[in-house]
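The values are calculated or read from the model by the stated rules, or taken from the named source; none is laboratory data. It should be emphasised that the depicted structure is a prediction, and the values quoted were computed from it without experimental measurement. So basically every Cβ, Gly included, is an ideal-geometry build from the backbone, and we count neighbours across all protein chains shown. Each accessible area value is taken on the protein alone, full model and side chains, heavy atoms only, with ligands, DNA and RNA left out. Shrake-Rupley method; radii C 1.70, N 1.55, O 1.52, S 1.80 Å.
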Amino acid sequence: MVTLSSSYESSQNSAPSLSPSPSLSSKSPLPSPSQPSFVAIGHTESQSALQVPKFRAIASSVRNVTLSSRTPLNSELPSPVTARATDRSRSPSPFWSGSAVSRSSLHQHSQSRRAVSLFDDASASSSTDLSLSESVSSLRPIRTNIFSSSSYKTESVEARSNDYEESRDNRGKGSSGLGTMAKSAPGSILIRLQKSMLGSPSSILSFRPTRLYTRTAQYAVVTFLGLLLLVTAINRRSTPKISAPSYAALNDAVFQAHSQKAFTPLVPRSDANVPVEVLRARRKPKAALISLVRNSELEGIEQSMRHLETRFNHKYNYPWIFFNDVPFDDTFKARTQNLTNAECFYATVPESHWSLPKWIDESRFISSLEYLGAIGVGKGWMISYRHMCRWNSGFFYKHPILDDYDWYWRVEPDVHFFCDVDYDPFAFMEENNLKYGFNMNILDDARSFPSMWRQTQEFMSEYPEFIHPEADFSWIIDHKNDGEYNNCQFFSNFEIGSLDFFRSKTYNTYFDYIDRKGGFYYERFGDAPLHTLAVVLFLSKRETHFFRDIGYQHDINKQCPANLLNKCSCEPTDLDENFYKLVPMESPQKKPDDSCIRLWLGGEWLERDDTGKYVKNGFEF
């Protein structure tokens, strides 16, 4: 008797009883497409049978039906229809072949093919000798054109019968235990591979996985390779390869941050007791005091000139050279000349040095102005400030008016000089082979130049021959932040330097490299961090000098030496006074554990006692 169990059975108690068909023998052949597997269904064996077409009409509305079958003379538990056959028949796919009966029914009874395919497969599965290989072979994919009239193409019954017979012959040859793998489609591929291995060597070479899984594997491989290339490109961009000798210097800076000895700056020879006439009669270096200033900043530059003339230049008479992006007016010229006995020169910056480069995207530049201004980066919205930083970084030394000079002292409007300078800084630097001098070493808002260090690393990778063999990276590397730049920089509003250094091929190659990246306009690169990194890369520390003895103030940043009270008119400041004054509170940057100037000095200036205080306080220098 055949039992139909479903929600349909519970709701249709008045269905007629039908007599079952004779059970299929284990030796019976596969059913033909025209022969129904079940001829009747019912509750008793005495009633007349309904024909299969009528039952199909009833079953076509039934969904999620569970079948079981058993012979009238056998009381054993029924053998269930395989889930694979049921699922395959419920959802016929253009890529998977079903049973012979369901395939023929698809073309003749399209409205009821789901029910017909279900019962026909159940009949075929009830055979006790149906091997595992037949179920596997029924899953073999075939390519079809789903838009053609015969869209559901199938393999022939004869081919399936051959697979069935082949699986019977191979039974006992190692195919046992693979039933679990056959429950999944990839497992069927492994079974076919095993069957090929049991055959001739040529069959092994000719084995191919099904086309569907081959295409899936191809997609997986291509996707993996694409992701691998993407990760490689990102790693190369974020961590540039650094070549020797710069790699060794960076490695020492990261892993041996404070291993260097304390740096002891040179002490200049005082000319305090030398008469002015003698000083003016001496051979002087080719040097000048330079200032970038507007006509509107006349009062500010007058204050700076008064201080520096009183403290230093009235004895040495170095010339003043003023730069402006527009011509100076007569008032500016007259009033500045009245403040000094030295010569004064006035130069106009070329338009090509004070305009947007042709490779800059203007829309991106405008967006940068708006963004940096909105987040509070200092002067981030000013176009002229970008031009000024770029000019101070790579063009001031190219002006023809400086062709006859070797040294410069940069002077800003509205600055103060508090101490008597009783020696010639230019002569001091020339005699001691110094290239760059600074007065403060501080932090600045890192949001204005976030990509400068990465670009500098890329430059080091491309031009390792330019890196000085004694380059000291230790004081600009944060060894607790994966070797990133700690944003320490020389405060370039005060700097005394060699024009030959800035005119060198090394420096100009570096500036051009950074300039072409667009950071002066897409971000807000300043000349201070650029000069600092250039000095670190291309000079040894013994070629730089800390002018601690020159009291100086620019805006909120001020430094006054503690041991020259008889020469200075300012209150002494600690060495760490100006460490992070320029960093706004909203900036998320990490401050190094020690102040920038202590990192530059190194050694004993970094030592602390048990309470965490420095052994050497900032007034001892």
Could you list the residues of the range 436-467 with an amide nitrogen less than 20 Å from a label point located 7 Å from the Cα of ASP482 in the Cα-to-C-beta direction? 446-461
Quick one: dipole size for the range 377-502, taken about the Cα centre, charges +1 on Lys/Arg Cβ and -1 on Asp/Glu Cβ, in debye to the nearest 20. 760 debye
List, in order, the whole-Hz ³J(HN,Hα) value for each residue of the range 477-486 obtained from phi through the Karplus relation with A = 6.51, B = -1.76, C = 1.60 and θ = phi - 60°; use x for Gly and Pro. 9, 8, 6, 9, 10, 6, x, 7, 5, 8
Within the range 439-588, what whole-number % of the accessible surface is contributed by carbon and sulfur, with the 1.4 Å probe and all protein chains included in the calculation? 46 percent
GLY551 long-range amide H proximity, modeled H, under 5 Å: PHE418, CYS419
Measure out, as a whole number of angstrom, how far apart the alpha-carbon centroids of the range 282-335 and the range 473-487 sit. 38 Å
Placing +1 at every Lys and Arg Cβ and -1 at every Asp and Glu Cβ, with all other atoms neutral, what dipole size does the range 408-475 have around its Cα centre, in debye to the nearest 20? 320 debye
Taking the mean number of other Cβ atoms within 10 Å as a proxy for protection, how do you rank 355-367, 518-530 from highest to lowest? 518-530, 355-367
So what are the ³J(HN,Hα) numbers for the range 531-544, from phi and the Karplus equation (6.51, -1.76, 1.60; θ = phi - 60°), rounded to whole Hz, Gly and Pro as x? 4, 4, 5, 5, 5, 5, 6, 10, 10, 7, 5, 6, 9, 10
How large is the accessible surface per residue of the range 313-457, computed with a 1.4 Å probe and reported in Å² as a whole number? 40 Å²
With a 1.4 Å probe and all protein chains left in place, how much of the accessible area of the range 311-390 comes from carbon and sulfur atoms, in whole percent? 50 percent
Looking only at the range 515-542, which residues have a backbone nitrogen under 20 Å from a spot 7 Å from the Cα of TYR371 in the C-beta direction? 515-527
Sequence-distant or interchain residues sharing an amide H contact under 5 Å with HIS545, placed H: which? TYR436, GLY437, PHE438
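Using the Kirkwood radius built from alpha carbon pairs, what does the Stokes-Einstein equation give as D for the range 498-566 at 4 °C and 1.567 mPa s, in µm² per second?
For the chosen part, D equals 89 µm²/s.
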Can you compute 3J(HN,Hα) from phi for each residue in the range 565-572, using the Karplus curve 6.51 cos²θ - 1.76 cosθ + 1.60 with θ = phi - 60°, rounded to whole Hz and x for Gly and Pro? 5, 6, 10, 10, 10, 8, 7, x
Sorted by chain and then number, the residues having a modelled amide H within less than 5 Å of the amide H of GLU484, at least 5 places away or on another chain, are ASP478
Which net charge results when you count Lys and Arg as +1 and Asp and Glu as -1 among the other residues whose beta-carbon is under 13 Å from that of PHE525? +3
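Give the calculated FRET efficiency between THR348 and ARG608 to the nearest 0.05, with a Förster radius of 56 Å applied to their Cβ-Cβ distance.
Calculated transfer efficiency: 0.60.
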With a sphere of radius 15 Å drawn around the Cβ of ASP329, what net charge do the other residues whose Cβ falls strictly inside it have (Lys, Arg +1; Asp, Glu -1)? -2
How far apart, in nanometres, would the label points at LYS398 and ARG516 be if each is projected 7 angstrom from Cα along the Cα-to-Cβ direction? 1.4 nm
For a Förster distance of 30 Å, can you work out the FRET efficiency between the beta-carbons of ARG542 and LYS505, rounded to the nearest 0.05? 0.85
With every protein chain kept in place and a 1.4 Å probe, the range 482-586 has an accessible area per residue in Å² of 34 Å²
Set the bar at 25 Å for Cα to Cα. Now go through LYS541/LYS616; LYS581/LYS613; LYS398/LYS558; LYS284/LYS558; LYS435/LYS517 and name every pair that lies beyond it. LYS398/LYS558; LYS284/LYS558; LYS435/LYS517
So, over other residues within a Cβ distance under 10 Å of LEU606, counting Lys, Arg +1 and Asp, Glu -1, the net charge is -1
Give me the one-decimal nm value for the distance between modelled label points at GLN589 and ARG269, 7 Å along each residue's Cα-to-Cβ direction. 4.1 nm
